[in-house]
1. Yes or no: segment A:96-110 includes at least one residue that is touching a Lys or Arg at 6+ places or on another chain (Cβ under 9 Å), of a type in the set (Gly, Ala, Ser) and at pLDDT below 95.
2. Mind checking which residues of segment B:238-263 are surrounded by 12 or more Cβ atoms within 10 Å (Cβ to Cβ), assigned to a loop (DSSP other than H, G, I, E, B) and at pLDDT 75 or above?
3. Filtering segment A:213-225 down to residues that are assigned to a helix (DSSP H, G or I) and within 14 Å of another protein chain (Cβ to nearest Cβ), which residue is surrounded by the most Cβ atoms within 10 Å (Cβ to Cβ)?
4. Given the options B:Ala85, B:Ala62, name the one that is assigned to a helix (DSSP H, G or I) and among the hydrophobic types (A, V, I, L, M, F, W, C).
5. Identify, please: which residue in segment A:226-273 is open to solvent by 20 Å² or more (accessible area, probe 1.4 Å) and not in a helix (DSSP H, G or I) and is, among those, farthest from A:Val103 (Cα to Cα)?
6. Any idea which of A:Val64, A:Val74 is touching a Phe, Trp or Tyr at 6+ places or on another chain (Cβ under 8 Å) and of a type in the set (A, V, I, L, M, F, W, C)?
7. Any idea how many residues of segment A:1-57 are assigned to a helix (DSSP H, G or I) and farther than 25 Å from A:Ser228 by Cα?
8. Just one of (1) farther than 22 Å from B:Leu27 by Cβ; (2) touching a His at 6+ places or on another chain (Cβ under 8 Å); (3) of a type outside the set (Ser, Thr, Tyr); (4) modelled with pLDDT of 90 or more trips up B:Asp217, so point out which.
Amino acid sequence: MKGAWLRRQGRRALASEYLVLALSVAYFLVLLPWLPELAHPRNLANLFSRMLPLLLVAMGQTFVLIAGGIDLSVTAVIGLTSVLGASLMTADGGWMAGHAAAVPAGIALMLLTGALLGAANGAAVTGLRMPPFMVTLTSMMFLGGLAVWLTQSQRITGLPPAFLALGGKPACAFGLTLGAALFAHLLLSRSLFGRWLYAIGHNPRVAAISGVPVPTVTLAAYVLSGISGACAAILFTGRLETGSPVHGREILLDVIGATVIGGTSLFGGKGKILWTLYGVLFLTLVDASLNLMFLSDFAIRMVKGALILLAALIDALRHRYETA
Amino acid sequence: MSSPAPAAPPLLRFDRIQKSFFGVPVLQGISLSLDQGRALGLVGENGAGKTTLMNILGGNLAPDAGRIEFAGLPHQPRSPLEAAAAGIAFVHQELNLFPNLSVAENLHLTAFPRRRGFPVIHRALLRAKTRALLEQVSLDIDSDTPVERLTAGERQLVEIAKALGIEARLLILDEPTTSLTDLETRRLFDLLERLRGQGMTMIYISHHLADVLRFCDHIAVLRDGELVGSGPASAFNATRLISLMVGRQLDQVFPGSAPPPDSPPVLEARRLSHPGIIDQVSFTLRAGEILGLSGLMGSGRSELARILFGLDPFGAGEILVEGKPLRRPRPIRCLRRGLAFVTENRREEGLCLEASIADNLLLVALRDFAPPPARWIRRRPLQAAAARIRSAVRLTPTALDSHPVKTLSGGNQQKVVLAKWLLSQPRVIILDEPTRGIDVGAKCEFYQLIHDLAARGTGILLISSEMEELLGLCHRILVLRQGAIRDELQRPEFDRERILRAALHTERAP
């Protein structure tokens, strides 16, 4: 009797949308007595500033994953757009150095580049019917290499203060991310595009026969992912006050890991912006707390790897209970 | 078929078999016997208990009460392996072959011939054994061919060869002809006849009543877990079988229908051709008309439907919707012009199985509820529309909109497919095998729905392999063979033989 009740509650918890949020809160509260620094305003601020770019990119990834694809190139997009934007705006020899419109032009260039790179990925996937994994893996290599080659490994400094404030000032960065998150949430849950995206992830053939413009919608998901990379580049570049091809290079696995921890399925058709938010929160929290415990980078990687594996396991369990 | 009763005891005897699932009786005391070298046809609606009975025989389930005797011994298999060891082979509806392995490997998966004293497969012996088995089923293929390269018919024969390999005495065949072409079906029956001549005993389960009547010696009819009819095949005909299966007369199965008065054409094809697929197909479908497309598998029926809906290309000809040409059809364009297409294959092309009932219902009509330019969805009208269409197709009220559509029965799933198209208020509906794999009760409801749609002025193009369905529902029937229309019959001239002649009449391939 008791066992059955426990099992039922266990299943309910597993199936709950808020499981990861609850886990994050529980983790924070349990850790607090041993690690009071975690709640220190400086550390919390640091935690949030690390969360924001990760969240932006993970939201883009959520769109692509729901459509049944994957975008591995997004970290290279961050590096390349950062470099391009900085080259345009920098005071020492930038293409538009000192021009009044340098900042809007720089931002426009970054967003446009992100969108175009996403469109290129999407076109290869939909038009040429290449596997997303292969397309974005190779574009990650190519774009990553291109960004380094363009800068000859030099960091680009001397960026306009207005631009640095946008990504570097916590309030601005927070506002930008919040706006993007709201838009992404509405787009997924309330728009025709969002509903079509889920249908494509479930079964592209059914979607096509039912009148869904599958190639266009799929391409748009990659474009959104590219734009999300460009937005993250604005944050990274602003916070670190330099344009660099290596921005975001380390976060690729965190992006995919956080999205999957949130509950978005790697098989397509399932996922939510809120879930991704919880996933990012959890992963960043774990990362920050382990840092505060002065664990080595390798140990942190091991823990994060184990967590992502656990998330995949829970996804599989959920799937089994839902089908049973 | 009335031969004198053999003196030997029956090979197989079911004695008052009972089985319940969660308190719901599924088999209520079934007693049946089958003689060596005979074929028993087992028919009944989906859910009548056929599969449960066979699963008990095949060792997948244990009965709650009752006994089985096989070859004079009590038969209580605890696993499919034990049943196989006793000499019972089960050829499943979805074949149990590994597509990536070769024919030889599939045939000997449980017992590879080894080199004596070594854990190494004896390749030469494996090939020789495989060749011998394939010869028995008259299959002329190389034993190293991977199964994925075989046609559905060849796979079926390999499956039977597998049964011969374990020296089965009883062969259970569950819907063996579903995915076979006409020629393959013929080959299969030739083989089954020969095996029966050699003393093989068979249980043949199928919804194709004509096949059952033609091939089987005995027929048993199950309904709601009870044996409602059993006897020599000569004592039955299709009408009687159906009325036993549903427990009512056949004329109730089909709604009556009257040809429509002269009404405007809604869909026209003019000399539609595509090399090797269809050849100069012309027809006119009028509003309120139910036009049947008959023909064997591979005659071009489904291909024609796919071309009309823009899923496949066509070489020459013209398509007109409500009198105006439809250029370069694509699903989106067809949809806007008022066409709907209920595909043949609901699992692969009709439904997103993992998605919710609501999401599936609303997929086609979504764009109408998301006004441009922003394309935000207006949720309240959408939900109202979903509720309306649910009740219009009489979807089971116990299923909530948020449940995955795969939790529904086949009949209800098919209703969801139809409903999602009805929401866009089509002027023409193309139905490709709309009642395949759903039980007789759900079929009747479906027929009523089709009939009602036509009565309200929708043009309906109905493709079906079931002659009864076409004869009962259509105002007019076109017969396709090798991609061309060979005959056209108005309702008063409906004649089963004439249709079959037109569909079949052909110089047989050498």
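1. no
2. Scanning segment B:238-263 gives a single hit, B:Ser263.
3. Out of the qualifying residues, it is A:Val217.
4. B:Ala85
5. A:Phe267
6. A:Val64
7. 31
8. B:Asp217 satisfies every listed condition except (2).
The values are calculated or read from the model by the stated rules, or taken from the named source; none is laboratory data. The shown structure was predicted, so the numbers you read here are calculated from the model rather than taken from an experiment. No Cβ is skipped: glycine too gets one built from the backbone with ideal geometry, and neighbour counts run over all protein chains shown. Just so you know, the surface numbers come from the protein's heavy atoms only, side chains and all, with ligands and any DNA or RNA stripped out. Shrake-Rupley method; radii C 1.70, N 1.55, O 1.52, S 1.80 Å.
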